[in-house]
Structures are given as C-alpha cells and as structure tokens.
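Participant: Let me begin by handing over the structure; questions about it come next.
Where a number appears in this text, it was derived from the coordinates with a stated rule and is not lab data. Here the structure is a predicted model, which is why all the values come from computation and not from measurement. Backbone-built Cβ (ideal geometry, glycine too); neighbour counts: all protein chains shown.
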Amino acid sequence: MAVQIITVNKVRERFQPAGKGVWSSVPDSDWHSWIWQQQQRIKSMEQLEKAINVTPDERLAFEKSNEMFHMGITPYYATLMDKDDPNCPVRQQSVPKTSELTILATDLEDPLAEERDMPVPGVTHRYPDRVLFYTTHNCPVYCRHCTRKRKVSDPGSAAQLAQLENGLKYIEGNKAIRDVIISGGDPLSLGDDRLEWIISRLRACDHIEIIRLGSRNLVTLPFRITDAFINMLRKYHPIHINTHFNHPKECTREAFDTAAKLADAGFTLGNQAVLLKGVNDDPAIMKELMHRLMLMRIRPYYIYQCDLSQGISHFRTPIEKGIEIIEALRGHTSGLCVPHFVVDAPGGGGKIPIMPNYVVKHEGKQWTLRNYAKKQYTYYEP
Ligand code: SF4
C-alpha cells in the first residue's frame with residue numbers, strides 16, 4: 001500500500017530538492033533506490049573527485065585514515081556538498097581531514113564505556129530499564145565525528161545472526177527492561193525482513209513498552225524509508241524514531257517528504273544534533289536548524305557536546321558554546337524548539353544536562369531568578 005504524503009502545502013515549498021548534481025543522467029528509478037544509493041557510495045578518491053574538487057589535505061587524510069575509518073558517502077548526501085568549499089558543513093561531516101589523525105592524550109577509544117556495560121555482545125545495559133541494542137556497523141554515510149569510530153565501518157565487527165539472537169534472548173529474559181533503543185551503526189542498513197524479525201520479537205515481550213530506532217537515514221539516505229518499510233514498521237507501534245540532523249542544509253525536500261510520511265504514519269520523530277566546530281557552532285545556524293526541524297515535525301531532543309572519541313578533537317567546541325546556544329534559543333523562540341544540551345559523561349556516567357544559570361540568588365524561601373532578557377524576578381515559596 002502506497003503511503004500518501006498529507007502535508008503537500010506551502011510549507012513543503014520552503015524545502016529545496018537536493019537534486020542529482022553530477023548524477024543527473026542516472027534514471028530516477030535508480031536514484032530513488034536505497035540499494036542503488038548504498039552500492040554507489042563514494043568510497044574511493046577517484047569517486048570523490050567526480051563529486052567535488054578535493055583539496056590536498058582531504059587527499060592526504062583519506063590516504064592515512066581510510067584503513068582505520070572508511071569513507072562512505074551516498075550520492076544523495078554528496079549532492080549537498082559544496083564542490084569548492086572544504087568548510088562546507090556537509091563536506092566536513094563526510095570527507096576526511098588530516099586533523100582526524102591527531103589523537104589527544106585525553107581522547108578515549110570507547111568514551112561512553114559502552115563495551116564495559118555489555119552483559120552479552122551487542123547489548124549495552126547500563127540503566128535497569130533501558131538497553132542499547134547494536135544491530136549493524138554499517139551506515140550510508142560514515143560521519144567523520146562518529147562516536148563509535150572504534151567499530152562503525154568495520155564489517156568484521158558487525159553483529160552476526162547468532163549475536164543478534166543472543167541479544168534478543170537477553171532482552172526477552174530480562175523483565176526489568178522496558179525500553180530498547182535499536183542502534184548501530186545505522187539499523188536501517190539492515191533489510192526490512194531482518195528489522196521486522198528484531199522488532200516483532202521485541203514487541204512480543206510484555207515487559208517492553210518503548211521501542212526506539214536511532215537512524216541517520218532521514219539525513220543521509222531518505223530513500224531508504226520506503227512505503228514498504230513504513231507499512232512494516234507501523235504494525236509494531238508505538239515506535240519512536242530519533243534522527244541526527246546537524247545543519248539546515250541537510251533539511252531538503254526529500255527529507256521533508258520522508259519525515260512527513262513517517263509523521264503521518266504515526267511515528268514520533270526526534271532529533272539528536274551534535275555540536276560541531278565549524279559546522280553548527282553558531283546560535284543563528286542552530287536556531288534555523290531547530291525551526292526547520294519543527295516544520296518537518298521532528299522535535300529537537302538533544303544537542304550533544306562532541307564527546308572524547310579519538311580523532312574528532314577538531315570538532316570539539318568549549319562547553320560554553322553549547323550554553324551560549326541554549327541561551328540564544330530559550331525565550332527567543334518557541335519552547336518546542338529548545339532541545340536539551342547534554343554532555344554524555346566520559347566513562348559511562350550518562351547524559352548530563354547543562355544549561356545557562358537562571359538562578360541569581362536563593363535565600364531560604366526567596367528565589368531571585370532572571371529571564372531570557374536578563375530581567376530579574378523574585379519568587380516566594382509558601
Ligand atoms: S550514522 Fe551514526 S553510527 Fe553511523 S557513522 Fe554517522 S554518527 Fe556514526
């Protein structure tokens with residue numbers, strides 16, 4: 001059954017189609033096929049040179065980093081890159097730079113201690129009621145800022161069927177778990193049959209209430225979200241989808257249409273952005289991103305401080321930058337557009353919210369607070 005887009009109105013016209021760029025001769029049937037997009041991913045320097053004017057730094061970075069963390073860019077996402085500007089926010093997220101080769105003494109291979117808290121391979125169980133379930137290490141685009149660089153893009157470390165089965169058995173047998181986040185890599189790199197096998201097993205558990213899918217396909221390969229996929233997934237509602245837009249440039253007509261289909265089919269959509277130096281460390285850019293997301297019916301959920309993974313220090317901003325961004329959002333736009341700014345604590349401490357300090361003074365039952373415009377107000381407790 002075809003999934004109709006209901007939201008075909010003036011709002012849609014504000015989103016520009018990505019188009020096909022240098023792939024203009026490719027038939028639509030191929031271009032809109034997620035299998036074709038996966039097969040045609042840019043993985044070599046030769047392919048990259050057809051899409052952009054590669055700089056010497058990017059060339060050297062590719063030669064030195066590709067063994068450790070592969071390059072992979074879908075033609076769709078590549079069309080969003082500026083051909084000539086190496087500082088293009090989309091290009092920075094997908095094309096290697098030599099700054100990746102710098103490993104600081106404070107960098108960590110597994111900054112969130114996800115491997116330590118694995119009772120069985122592929123399941124991180126840190127909080128009693130929630131687990132992270134890793135289902136694949138493949139992604140349409142290998143984001144240069146990925147927190148799981150240690151295993152993402154490495155096919156040798158991908159979850160095999162036996163590992164998935166063991167993970168499912170662990171979740172099925174642990175009645176304290178009520179929330180499962182299906183993650184990766186990008187779980188939508190799996191086929192519909194494999195995903196349905198996983199999700200139907202989870203939905204069959206009486207103790208599982210929340211099923212979340214973490215996927216960047218809405219950003220990097222929206223064609224993956226086919227009508228057949230949506231019709232399969234909606235059988236297992238409620239399903240919550242979290243995605244990862246980092247810049248307004250990624251909010252295309254194609255992404256808008258896909259988000260519209262998902263929202264119309266009853267999925268809740270949230271966004272987890274990562275604060276990245278040179279990409280989105282600017283209050284005006286973040287505000288625009290949040291506004292675009294709201295038009296797409298994607299609720300801004302988190303802005304993450306860039307974590308301590310190895311080789312991504314060039315993306316890190318001071319924590320003050322995140323506070324500045326929240327300060328520029330709260331009160332200056334709708335509350336719905338204000339996500340939580342969090343530091344995912346190194347060593348597995350979980351997400352710690354950081355925000356501007358709105359408490360000026362607190363004495364006994366008297367609180368002096370300041371608002372977004374820095375005006376002070378007093379609140380008296382009974
Ligand atoms: S989609 Fe997610 S898991 Fe995959 S490379 Fe990007 S950040 Fe990493």
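Participant: Quickly work out the Thr378-to-Asp28 label distance, labels modelled 7 Å from Cα along the C-beta direction, and quote it in nm with one decimal.
Facilitator: Going from the Asp28 label point to the Thr378 one covers 6.8 nm.
Participant: Within 10 Å of each candidate Cβ there may be at most 11 other Cβ atoms; applying that plus a DSSP loop requirement, which trypsin sites (Lys or Arg not before Pro) in segment 312-371 survive?
Facilitator: Qualifying residues, ordered by number: Lys365.
Participant: If you don't mind, another one. Rg to Rh ratio, the chain, alpha-carbon atoms and Kirkwood radius?
Facilitator: Reported Rg/Rh (Cα atoms, Kirkwood Rh): 0.97.
Participant: OK, next. Please list, ordered by chain and number, the residues whose modelled amide H lies under 5 Å from the amide H of Leu108; skip anything fewer than 5 residues away on the same chain.
Facilitator: Result for Leu108 returns Ser309, Gln310.
Participant: Going by amide H atoms built from the backbone, whose H comes under 5 Å of the H on Thr268, apart from near neighbours?
Facilitator: When sequence neighbours closer than 5 places are left aside, the close amide H contacts are Ile239, Ile241.
Participant: Using amide H atoms built 1.01 Å from N in the peptide plane, name the residues 5+ places from Gly348, or on other chains, whose amide H lies under 5 Å from its own.
Facilitator: Under 5 Å from the amide H of Gly348 lie the amide H atoms of Ala113, each far enough along the sequence or on another chain.
Participant: Using helices alone, what [θ] at 222 nm do you get for the chain, with -39,500 (n - 2.57) per DSSP H run of 4 or more residues, divided over all residues and rounded to the nearest 500?
Facilitator: -8000 deg cm²/dmol
Participant: Now for a different question. What is the local net charge at Pro86, summed over the other residues whose Cβ is closer than 9 Å to its Cβ (Lys, Arg +1; Asp, Glu -1)?
Facilitator: Here the charged neighbours net out to -3.
Participant: Which chymotrypsin sites (Phe, Trp or Tyr not before Pro) in segment 182-289 pass both tests, a DSSP loop state and at most 10 other beta-carbon atoms within 10 Å? Before the final figure, lay out each step's value.
Facilitator: Working: sites: Trp197, Phe223, Phe229, Tyr236, Phe245, Phe256, Phe267; in loops: Phe245, Phe267.
Passing sites in segment 182-289 do not exist.
Participant: When the convex hull of the Cα atoms of segment 286-382 is projected onto a plane and the area is averaged over all directions, what value comes out in nm²? The partial results should precede the final answer.
Facilitator: Details: hull surface 34.5 nm².
Answer in nm², one decimal: 8.6.
Participant: Okay, next question. Looking at segment 133-221, which trypsin sites (Lys or Arg not before Pro) are in a loop (DSSP not H, G, I, E or B) and have at most 13 other Cβ atoms within 10 Å?
Facilitator: Lys175
Participant: Excluding Asp264 itself, what net charge comes from residues whose Cβ is under 11 Å from its Cβ, given Lys and Arg +1 and Asp and Glu -1? It would help to have the intermediate numbers written out before the result.
Facilitator: Values: positive: Arg234, Lys261, Arg297; negative: Asp257.
Neighbourhood net charge equals +2.
Participant: Now for a different question. Only counting other Cβ atoms within 10 Å, I'd like Arg41, Arg12, Arg116 sorted with the fewest neighbours first. Provide the component values of the computation, followed by the final result.
Facilitator: Numbers: Arg41 23, Arg12 15, Arg116 11.
Placing the least packed residue first, the sequence is Arg116, Arg12, Arg41.
Participant: Related question: With each pseudo-label sitting 7 Å past Cα toward Cβ, what's the Glu115-Glu13 distance in nm, one decimal?
Facilitator: So the label points at Glu115 and Glu13 sit 5.4 nm apart.
Participant: Give me the net charge for the shell around His314: Cβ to Cβ below 10 angstrom, other residues only, Lys and Arg +1, Asp and Glu -1.
Facilitator: Working: positive: Lys97, Arg144, Lys277, Arg316; negative: Glu100.
Combined, the nearby Lys, Arg, Asp and Glu give +3.
Participant: Would you mind checking segment 345-377 for residues with the amide N under 17 Å from a putative spin-label position 7 Å along Cα→C-beta of Tyr127?
Facilitator: 345-354
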